[in-house]
Amino acid sequence: MNSPDSATLFCQCRCQHQIGRRDFLRSILPGLAMSLPLLLSAKPARAANHKAKALVLSCIDFRLIEAERSFLSLQHLGNQYDWVALAGASLALTGFPHGAEAEAFWDQLALSQQLHQIEKAIVLDHQDCGAYASQIDPNLSQDLDRERQIHAAYLNRAYWEIKKRYPDLTVELYFVTLKGDVNPVLPIPEG
């Protein structure tokens, strides 16, 4: 195709016919003239004002998603929660595997509170977590009592970090077994 001169526009449709600039402008001006009042009165789009009941932090492990969703449903949250998934859940708040994971969580928590006025943060750790195995002990899942103790320590650390930054938020901690049992972990006073 030859390059167009300044007086002719080329239609890129199948017909490949030429339209003069004046004809083109005449064809669109009536529509523009009718749209102008609407365009001038249009307001910027805004997000709907909606609230979430909580922000949930869980591990990325797909094996527990259904059990976690079922548990959250039983907590009367419906689907009114924001969900953040980071490898290791509470372990991610220590900067595992990189500081960016902790930063991402804090950013999401701030946005969740700002945009959705959450009142609660829920942290769900789980049994046989690959992140904990790679960071703490590859054989951690072989001793369930020890595994629960280590998770409880990191969950408590997460609890106090969240409470320091957001003292008005309720924070709930849980340990999820591979069977799908969700067990509360009570925070221990800092000391």
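The values are calculated or read from the model by the stated rules, or taken from the named source; none is laboratory data. These numbers were taken from a predicted model, which means no experiment stands behind them. Because the Cβ atoms are built from the backbone with ideal geometry, glycine has one as well, and the counts that use them run over all protein chains shown.
When you scan the stretch 66-94, how many residues do you find that are under 12 Å from ALA158 (Cβ atoms) and among the small types (Gly, Ala, Ser)?
Qualifying residue count for the region: 4.
Would you point out which residue out of HIS76, HIS98, HIS126 is in the same structural domain as LEU155 (by TED's automatic domain parsing) and at pLDDT 95 or above?
Criteria check complete, one pass: HIS126.
Which of the residues belonging to the stretch 138-191 are of a type in the set (Val, Ile, Thr), over 25 Å from the mean Cα position of the chain (by Cα) and over 12 Å from HIS126 (Cα atoms)?
Of everything in the stretch 138-191, just one residue is of a type in the set (Val, Ile, Thr), over 25 Å from the mean Cα position of the chain (by Cα) and over 12 Å from HIS126 (Cα atoms), namely ILE188.
Would the stretch 103-111 turn up any residue that is more than 18 Å from the chain's Cα centre (by Cα), within 14 Å of VAL56 (Cα to Cα) and not acidic (Asp, Glu)?
Taking every residue of the stretch 103-111 in turn, none turns out to be more than 18 Å from the chain's Cα centre (by Cα), within 14 Å of VAL56 (Cα to Cα) and not acidic (Asp, Glu).
Provide a single number: the residues in the stretch 116-162 that are among the β-branched types (Val, Ile, Thr) and over 22 Å from GLY180 (Cα atoms).
So the answer is 3.
Considering each residue of the stretch 154-187, count those that are surrounded by 13 or more Cβ atoms within 10 Å (Cβ to Cβ), of a type in the set (A, V, I, L, M, F, W, C) and either part of a loop (DSSP other than H, G, I, E, B) or free of Cβ contacts under 8 Å to residues at least 12 places away in the same chain (or both), and give that number.
3
Go through the stretch 115-132 residue by residue and tally those that are surrounded by fewer than 16 Cβ atoms within 10 Å (Cβ to Cβ) and either without any contact (Cβ under 8 Å) to a residue 12 or more places away in the chain or among the small types (Gly, Ala, Ser) (or both).
1
Only one of these is small (Gly, Ala, Ser), in the same structural domain as LEU169 (by TED's automatic domain parsing) and without any contact (Cβ under 8 Å) to a residue 24 or more places away in the chain: SER112, SER70, SER141. Name it.
After applying the criteria, what remains is SER141.
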